[in-house]
Structures are given as C-alpha cells and as structure tokens.
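The values are calculated or read from the model by the stated rules, or taken from the named source; none is laboratory data. The shown structure was predicted, so the numbers you read here are calculated from the model rather than taken from an experiment. Positions of Cβ are generated from backbone atoms using ideal geometry, with glycine treated the same way; all protein chains shown enter the neighbour counts. Keep in mind that these areas ignore ligands, DNA and RNA; they rest on the heavy atoms of the full protein, side chains included. Shrake-Rupley method; radii C 1.70, N 1.55, O 1.52, S 1.80 Å.
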Amino acid sequence: MPEFSLTPDQESLRDLARKFARTEMAPHAAECDRTARFPEEIYRKAYDLGLMNLNVPTEFGGSGLGLFEQCLIVEELAYGCAGMTTSIIANCLALEPILLGGSPEQRRRFLTPFCASYQLASFALTEPSGGSDAGAIRTRARRDGDAYVLEGEKCFITNAPHASLYTVFATVDPERKHKGIAAFVVPRSAKGVSPGKDEEKMGHRASSTGTVRFEGVRVPAEDRLGEEGDGFSIAMRTLDQTRTPIGALATGIAQAALDLAAAYSLKRETFGKPISEHQAIQIKLANMAQAVHAARLLTWHAAWTIDHGGKGTLESSIAKCFASDAALDVADEAIQTFGGYGYMKEYPVEKLLRDAKLTQIYEGANEIQRTVIARELLRAYQ
Amino acid sequence: MSRRTLVVGEVRQGHLADVSLEAAGRAIELTEPTAVVGFVAGSGAEAAAGEFARVGIADVRWTDAGSGSDASAGRIAPTVAALAREIEADLVIVGGTTFGRDLAGALAIRWDAVSATGVTDVRREAGAIHVRRPVFGGRATETRRLAGPRVVLALRPHAFAVPSVTPTTVRTSGFAFVEPAPSWREAKLLALEPAAAGGGPALADASIVVSGGRGVRAPENFRLVEELAASLGAAVGASRAVTDAGWRPGTFQVGQTGKAVSPQLYIAVGISGAIQHLVGMVSSRVIVAINSDPSAPIFRVADYGIVGDLFQIVPALTAEIRRVRGP
Amino acid sequence: MEIVVCVKPVPEAETRLRVAADGARLDAEGVKFVLAGYDESAVEQALLLKEAVAGSTVHAIALGPAPRTEEVLRAAVALGCDKASWIEVPSGGSDDPLDAARILAAAIRGLPHDLVLCGKQAGDDESGLVAGALAEALGVPGFGYVVDLRWDAARSRFTFHRAVESGQESWECPGPIVIGLQQAWNDPRTAKLPAILKSRKATITKIAASGAAASVATPEKFELPAPRTGAKMIEYRTPQEAAEKLVRILREDAKVFP
Ligand SMILES: Cc1cc2nc3c(=O)[nH]c(=O)nc-3n(C[C@H](O)[C@H](O)[C@H](O)COP(=O)(O)OP(=O)(O)OC[C@H]3O[C@@H](n4cnc5c(N)ncnc54)[C@H](O)[C@@H]3O)c2cc1C
Ligand SMILES: Cc1cc2nc3c(=O)[nH]c(=O)nc-3n(C[C@H](O)[C@H](O)[C@H](O)COP(=O)(O)OP(=O)(O)OC[C@H]3O[C@@H](n4cnc5c(N)ncnc54)[C@H](O)[C@@H]3O)c2cc1C
C-alpha cells in the first residue's frame, strides 16, 4: 500500500534542510545571483551539517541517505536557492560513479579521505562537442604501462574550478563508441589538469560551472573504475540515481514560486479588491498548485521505486522531465501574478524562472528524457 | 469583611517606580481603596513607602529586606507571602518588570496561588479574576479565568495609566523580613550599571518605531523624526524613498526589501503607504499616520490619523510627549 | 556540573494562528511544535557550559503530550544533550505554567542538579513564571532575564548579568540555582544530520507526573487582532491640539505608553 506521510525521522531531516535553506541560503540568494558569487562559506556550513555527501554511506563519512530522503532535502534546499543547491549536490553526482563502479578498496581509498573534510568533486562527462550523446565523447585515455594518459576537454562542469577531485569519462577507443568508455578518478593535483574560469550563466549563478582540460594527465590504472568498457554504463547508472533529485530541485523552485505568488495576490489590490479575488488569478494559482503537487508526488514515487530495488529509469525520467517543465511554468505564472514587479530584479520571482530553466537542460535534457520515456513505454507494447 | 489586595512596589532611584503606581491604580479599581495595602522592600523602602499616598493608598508596609542585602524578587517572596497571609489578601498585584515577573512565579508557589503575567486588562466577576494578556509575541490575545482563592498578577508595564486621585495621608509601618531559603545567603548582587544614555533600541525588537518618509523633504529635517523617536524611547525607521535618497542608511528601511517590524506602536511620518512599505509594518499593534494628503493609502491601515503638515505636527507631538513623560 | 535544562514544545514561529472551535485556545490542528525561542537559547547555554566545564552532563526535561514533547526532547539530544526525560501528560490538560513548574520541580528534585536552566519565557504563553516558581519550589535562588551566564571555577560560583529596567545587574551565586535565560553567549547551534539520525534512536526516559494541584486557571478566549478598517481621524484646530488628542488616545485607549 502506498504511504504518503513522512516518518518522524524523515520529517526531522526535512526540517534541518528547511531551516538551513531559509536561514543560511535564502538571505544570500539575491546577492549571489546578482554578483555570481560562489558562497563557499555556505557550502562549508552545508558540509558541516551533513547536507553535502548525502548519498555516501556513513562508513565512508557521508550521510548514507536513501534517495527518498535525499529528495526531501534537495527540495527544501532549492526552495532557498536553486543555484547553491546545484553546487551542494554536485558531490553526490561526482561520487556516485565511485559508489557504483568502484571496488571496495577504491571506495575506501577515495571516499574516506574525501568526506573527512569540506571538499568539492565534479562529474566530468559533457564535452564541447556534445552532452546528450555521451557515447560520442572524445577525451582520450591511452594506456601507457600501468597508467593511462588523459587528453581532452570537458565543459559545463559544475564546481570544476573549485573541485579537488574529478570523476572523468574518457574513451580508450572512439571506434568502439560507448563500449570504449572508461571512468577514472582524477585528483585536481594531478599534473596536466587545468580547470578554466567560471562561465557567465543565465541562472544558478551562485553555482560555478566551467571547463576542465586534461593535458597528458597520467592516471594510475588502479584509479580506473570497473573495466575499460564500463564507463558508459557507470555514467548512465549514475544519472539514473541523480536524475530524481533534480526533480526534487525543480519542485523546490516551483513551491517557492507558488508561495510568493499566493502571498502577493492577497496583498496586491486592483479594481478595489485583492487580486486573489479575481478569478483569473485564482485559476493561475490553482494550476500552479496542481503542478507542484504532481511534481512532488512523481519525484517521491521515483525515489521510492529506486529505494525499493527498482531500476526506476522510466519513473525518474518522468519525474525529472515533469517537475522541470512544471517549475518553468509555475515560475512563469508567478511572474505574471506579480505583474510588472515580477519582471523587476528587486523581486525574487524572475530569478526562479531563470533557475528553473536549467532543470530542463542538465542531467539529461528533457528531449532525451522524453526519448527514454517513449522507449521504455513502447517496450511494453511491443 | 472583604478580602484585601496587596500591591508590591518597586523602588527605583529612591522612588516608587511608575509601574508600581500603575499596579496600585488597578488594585484600587478592583478593590475598595481602604482594602488595598502597599508594600516595598529594600534600601530606601521606608522613604518610598510614603509615595503610595499619591495614588490614594493609606496602609503601607515596608521591610529593609535583611540589612545589607538586595531586594531581588526571589529573596523577598517569602516576606510578601507572609504579609499576604497576615492581611488576608486574596490578590497581589505587581508591575510586570524583571522584578515583578520573577516575584510572580516565586510568590505563586510560596503562597499557593494562581498567577498571570503581562496582563493588559483585568476584571473581577462572579468571584473570579479574568485577565487579558497578549501571547505569541502580540500576534494573539488570551483571556483567562483565575478562580483561585489567591491570585498574583504582574501587569504589563505601561498598559495601565497611573491613576489621578487626591492623595491621602499614609500610615507606614515596618514588616519583619522573612528569611528565604538559606542558599540565598550566598547570592550576591555585585553591581548595578545604569542603562546607557542615548542610543535608541534596535529597529527589529523595538516596542515603538517612528519612521519618516519622503515627506520630510531633506536629510537635515529627519532630525524631527529622530527627536520624536527619542521622546518615546523608540527606534527610528524610514521608507525606501529616504534610504534610496541616502538621507539615512539602508539599515533603516522598513518594508518588503527592508526590515519587517511589529512594534506596539508604529508612527509613520510623511510616508504614503505603498504596499512595499506596508508589508513591513502592518502587523504593528497600533499604527499612527501623519500625512498632509488625506487620501494617502497609509490611512487605510492606520488606527489613528492626523492629516496635516508634519513640520507643524511632529514638533508639537514631541513637545507634548516630553511634557507628559518628563524630559 | 549537572545541568538540567527544561524545554517546552511551542508552535513554530511561522505558524498561522487560528482560533479553536471553543474560541478559548489556539487551534493546534496541523500546527508543528518545535524547540524554539528562549528555550533554544537555554539549551545552547547548557551545552556551552558543558563544553567549558569538563565532566558536565546536560539533562533535557520536558513536560507535555505525545508526540510533540518527545520530538523536542529528540531535538535537544540531537543538539548535544546527554540525557532526556519526558513527563507525559495528556494533550488538552492544564496549560497553566505554574502546574508545569510544580510538576517539573517534583521531577528535578529526584535528579542531580547544580544548574536548572529554562528560557526566560515560553514562545507561546510568554508567561515567564517558570524560573521563579521552580526556584521557590526547589528552595534555591532563581533569576529570570539572565544573560552572560558563566561558571567561575576558581570560586565555584556562577556569575551572570541581567537586564532590569534601570540598567544591568551583575550577580554571583553558587549552585544549585535556577536561571530563566534571556540570551546565550552564541546564537543557538543547528543539529547536524548524523546527530539528528542518532537522536531518533536515543532513549527518552519517562517520568510520571506528580505534584500539580487541580488547576484553577482556565482559558476563556483566544483572539486574533481584527483586520484593520481605516484610521480614526483626529480633528483639531492647532497642532498642539492634535498632539494632545493623539497622546491622550495613545495613553488611555491604545495604552501604548504611559
Ligand atoms: C549549468 C550547467 C551545469 C552542468 N553541469 C554538468 C556537470 O557537472 N557534469 C557534466 O558532465 N555535465 C554538466 N552539464 C552539461 C549538461 O548535462 C548538458 O548541457 C546537457 O546534457 C545537454 O548537452 P549539450 O549542452 O551538449 O546539448 P546538446 O546535446 O548539443 O543538445 C542540444 C539540443 O538538442 C537536443 N537533442 C540532442 N540529442 C537529441 C536527440 N537524440 N533527440 C532529440 N533531441 C536531442 C537536446 O535536448 C537539446 O535541446 C551542465 C550544464 C549546465 C548548463
Ligand atoms: C521593487 C520595489 C521594492 C520596494 N521596496 C520598498 C521597501 O522595502 N520599503 C519601502 O518603504 N518602499 C519600498 N518601495 C518603494 C515604494 O513603492 C514607495 O516608492 C516608497 O515606499 C515611497 O516612500 P514614501 O512613502 O516615503 O514616499 P512617497 O510615496 O513620495 O510619499 C511621501 C508622502 O509624504 C507626504 N508628505 C509630503 N509632504 C508632507 C508634509 N509636509 N507633511 C506631511 N506629509 C507630507 C505625501 O503626502 C506623501 O504621502 C519599493 C518599490 C519597488 C518598485
């Protein structure tokens, strides 16, 4: 039977994230958005409270949470600031390949020292030549004795300029397409690793996104995750895990937009009454509420499916795709509810629209999600 | 014989504090004046005792609280309880200061009474005391029925006026100090530093806020707003028109993109009442607006309005407040 | 040092207050109860003293119904309290702070205590009666409105300040004492995620309620401020008259200053 109420344990985790988002993140959200500042002091606090390496088991120093609990936390954080949330959860994305593809020895060797202090890691898959077509990456890994030599460039990598560790996907043989991809753990300190500067972005401006170049970087073979051809599968299984929290992140943005719009509608008066009494505004709010609820429930369902041993490819794609579309719509309607004020940077709603947009693009663009959904769906009819 | 009411006074700088006179005023309204007994403790108690005459209380007891020691609430609670028993009081009233609220808790246990603090309204009806008091930071008000044979009330300071009655002649007499628990002997008041002069309270937790808007016209005129605030011991706020113009720093701004305040009293001077300003102050308990434009939206949320030129009204108001409150 | 800290579950600050059907109290339906306000500072102060004085223990104690009371105790444990005790009383029972103080005193008498801390007033009823009442019931000195509470180890005394109307008092007093805290040295800390998860499994000791008389304080009415309907305009001929009228209203009707 479905169970829709949270346990006291889950509530207390959500409360922690809510408090952190509202007291530590939200007050700095506008300033970081305006100046594109990377608020490292906030990320450090998130680490101190245990809000950072959510998916890493406690034996390695992480928080050891299931996907459902991760989603509860991510939604709350995104309510405070989506951009900061992207940077806070980037470690989950970057470390998941080690959890999925690493040997017990590698997990201990990489994760334990990493999680023992505040450090950032980046997941380096996307390349300038393409993101959606991950099988076509060009970064090369050439075998040289008991090591590999990495050569290539990654782009749009979250936290890249600040990370101390990268999980890098490279091909040992482009001819073999996705069967030739291998995953490596590469420290920032390795010779030949050079992160580029921060990109100027439309939204998520408190987050940092940049390129990383690998020029003759020697990586010991023992730092390869799984076998040579396992990289693509590790990347896809990683995204199967981390897609659902992006649905939660989008839900958090949508909830923030709905809350702002509803509160404003009660105060703003036109034609002698609060705009909340105009039916056009009521319909807007009702539609926004439906979208937020549906997004949350789809996200919860996807997380629940994966936590209960399901693969969750269909469910997580539906959740991520629906919630990110909902976030954009709800943020858009929130601006409309605010009228001209909504268009002004001094009010917090236009930021939500800019932040929502990214959730349709990263961790698998929604076009790709729809392709996946259709594929999974049609399989049942074939 | 009807039961008696005991008013516990507080001595400040050798005089009976205003809050004690306010408490006396309530006592007289709830009880016949002749059934009200005043009490003060500590150094200067004997001299201050006579000041109960100002509010028409004739029977006043005092104690020096054990020579050389302070008259903190917990230390004198046993004495107050003993006096309440001796005069067969059924009600003890005290001003709800630090002293008064500490006393209420200790006395209620010692005298086996029921108690309420922060009281802003009180009446006696059908053998019980009914009190009203703000709760949840002033966001709600509760009324409670206190049906005890013994009741202790701590009144919210300045919620009641000092009564104006013809003074009586007062009969003061000493009352024997009752020793508190032995461990009190080692509790020592080392120093009392007087409150720093000037420097109004912080905007966010001030109980009174006076804010000025574009209507003050120039930075130097903002002094009018500040003087009014000083006369009330209030914090100073401003609309964004003022902070944007640089007349006052951004930390003064009240409103959507400034601070949200909910004081007991908010006085808006030369502020039109734009929604962005209103959301920062509508939850104030009492709002007063002073504006030359009778159609200014601020008057829709205000409780009291004065339509007029702030350059005339504000100085008159400051002078009147100084007159009634003393400099 | 044995520190007992009393905590009370109160509605979280963002709660939209509603009146219950009987018109006499807060409608608690759907309200989330938390450790908040001055009680949170009291816990912080207890933990700071524990950190400053080696070998100290902090024992959180709360009185109230399930599940909210258990939840605030778990929150206190997550913050770092060593032990937690819960005096369970049914919901809808007496809300008289003096009853609470009597029951707490009866329980605390059976616990080691050098310092009993509580917030200077609860975030809901704002009575501020508990510290004074607890002290009297325990037969020890008690002080409300305390800031800057410290332990002078060399002289085995607590030292502290408190704000009174005419300024600031400095005190010293050996334990055991009861303190109603206005402010800790620091802003209250936030519990960390692993500590929160661990606190879920912590043992909460139950203590039977004893010591309260049948309460004679009953709530009659709970009111929210009426929506505003527009200002009462002051009519006047001279600015002085306007000022006099306004001051009179503010003192006598609105009662906002003396
Ligand atoms: C702020 C930000 C942070 C990021 N962080 C990371 C990170 O940490 N690590 C990382 O590896 N990557 C990261 N990315 C990259 C992100 O995942 C990619 O941008 C995304 O996968 C899309 O790839 P692309 O930009 O190359 O677009 P393209 O692949 O060039 O796609 C362009 C358009 O074509 C559509 N499209 C492509 N193929 C198909 C198809 N088969 N059918 C239909 N439509 C198709 C896409 O949906 C899109 O609309 C980040 C991106 C951004 C903007
Ligand atoms: C995005 C945005 C955010 C904003 N955020 C805030 C905010 O946080 N806080 C805020 O306050 N505002 C904010 N505003 C500004 C707000 O819309 C108003 O512009 C501002 O509050 C007006 O300030 P005011 O009332 O002082 O000035 P005005 O609206 O110019 O009003 C001045 C008033 O003074 C009166 N007056 C003039 N002379 C006299 C006199 N001699 N005697 C008596 N009365 C006189 C006039 O009748 C008038 O009503 C925001 C605006 C925007 C667009």
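Which of the residues belonging to the range B:71-87 are β-branched (Val, Ile, Thr) and closer than 16 Å to B:Pro182 by Cβ? B:Ile76, B:Thr79, listed by residue number.
Taken over the range B:262-279, the criterion of being touching a Gly at 6+ places or on another chain (Cβ under 7 Å), within 6 Å of ligand 2 (Cβ to nearest atom) and over 21 Å from C:Leu250 (Cα atoms) is satisfied by B:Ser272, B:Gln276, B:His277. Checking B:Phe177, B:Phe99 one by one, the residue that is in contact (Cβ under 8 Å) with a residue 12 or more places away in the chain, surrounded by fewer than 20 Cβ atoms within 10 Å (Cβ to Cβ) and touching a helix residue (DSSP H, G or I) at 6+ places or on another chain (Cβ under 8 Å) is B:Phe177 and no other. In this entry, A:Glu127 is excluded by the filter for residues that are farther than 29 Å from A:Glu367 by Cα and modelled with pLDDT of 95 or more. Within the range C:153-171, the set of residues being over 23 Å from the mean Cα position of the chain (by Cα) and among the aliphatic types (A, V, I, L, M) comprises C:Ala153, C:Ala154. Just one of the listed residues (A:Cys92, A:Cys155) is of a type outside the set (Gly, Ala, Ser) and outside any helix (DSSP H, G or I), and it is A:Cys155. Tell me whether the range A:325-336 contains one or more residues that are farther than 17 Å from A:Leu297 by Cβ, in contact with a Phe, Trp or Tyr (Cβ under 9 Å, 6 or more places away or on another chain) and open to solvent by 70 Å² or more (accessible area, probe 1.4 Å). No, that holds for no residue. On the stretch given as the range B:116-144, residues that are of a type in the set (Lys, Arg), touching a Pro at 6+ places or on another chain (Cβ under 8 Å) and in a strand (DSSP E or B) total 1. Of the strands (runs of 3 or more DSSP E) lying entirely inside the range C:166-256, those containing at least 1 residues that are within 7 Å of another protein chain (Cβ to nearest Cβ), of a type in the set (A, V, I, L, M, F, W, C) and more than 30 Å from A:Met52 (Cβ to Cβ) span C:167-173, C:217-223.
Being in a strand (DSSP E or B) and facing another protein chain (nearest Cβ under 7 Å): is that true of B:Arg101 here? No; evaluated as a whole, the condition is false for this residue.
Residue under question is A:Thr126, and the condition is that it be farther than 22 Å from A:Gly203 by Cβ and either open to solvent by less than 20 Å² (accessible area, probe 1.4 Å) or free of Cβ contacts under 8 Å to residues at least 40 places away in the same chain (or both); does it hold? Answer is no for this residue. Pairs are defined by a Cβ separation below 7 Å, a sequence spacing of at least 6 or placement on different chains, a first member in the range A:199-215 that is more than 14 Å from every other protein chain (Cβ to nearest Cβ) and at positive phi, and a second member that is within 11 Å of ligand 1 (Cβ to nearest atom) and polar (S, T, N, Q); the pairs so defined are A:His204/A:Thr86. Given the structure, is C:Pro11 within 14 Å of chain B (Cβ to nearest Cβ) and out of contact with any helix residue (DSSP H, G or I) (no Cβ under 6 Å at 6 or more places or on another chain)? For C:Pro11, the condition - within 14 Å of chain B (Cβ to nearest Cβ) and out of contact with any helix residue (DSSP H, G or I) (no Cβ under 6 Å at 6 or more places or on another chain) - is met.
When the range A:89-111 is limited to residues that are within 13 Å of ligand 1 (Cβ to nearest atom) and touching a helix residue (DSSP H, G or I) at 6+ places or on another chain (Cβ under 7 Å), the one that is farthest from A:Glu350 (Cα to Cα) turns out to be A:Pro97. Residue pairs whose Cβ atoms lie under 6 Å apart, sitting 6 or more positions apart in sequence or on different chains, and linking a residue in the range A:344-364 that is farther than 17 Å from A:His28 by Cβ to a partner that is open to solvent by 30 Å² or more (accessible area, probe 1.4 Å) and within 16 Å of ligand 2 (Cβ to nearest atom), are A:Val349/A:Leu260. Among what's in the range B:286-307 and is of a type in the set (A, V, I, L, M) and either more than 23 Å from C:Lys255 (Cα to Cα) or in contact with a Ser or Thr (Cβ under 8 Å, 6 or more places away or on another chain) (or both), pick the residue that is farthest from ligand 2 (Cβ to nearest atom). Residue satisfying both the conditions and the ranking: B:Val307.
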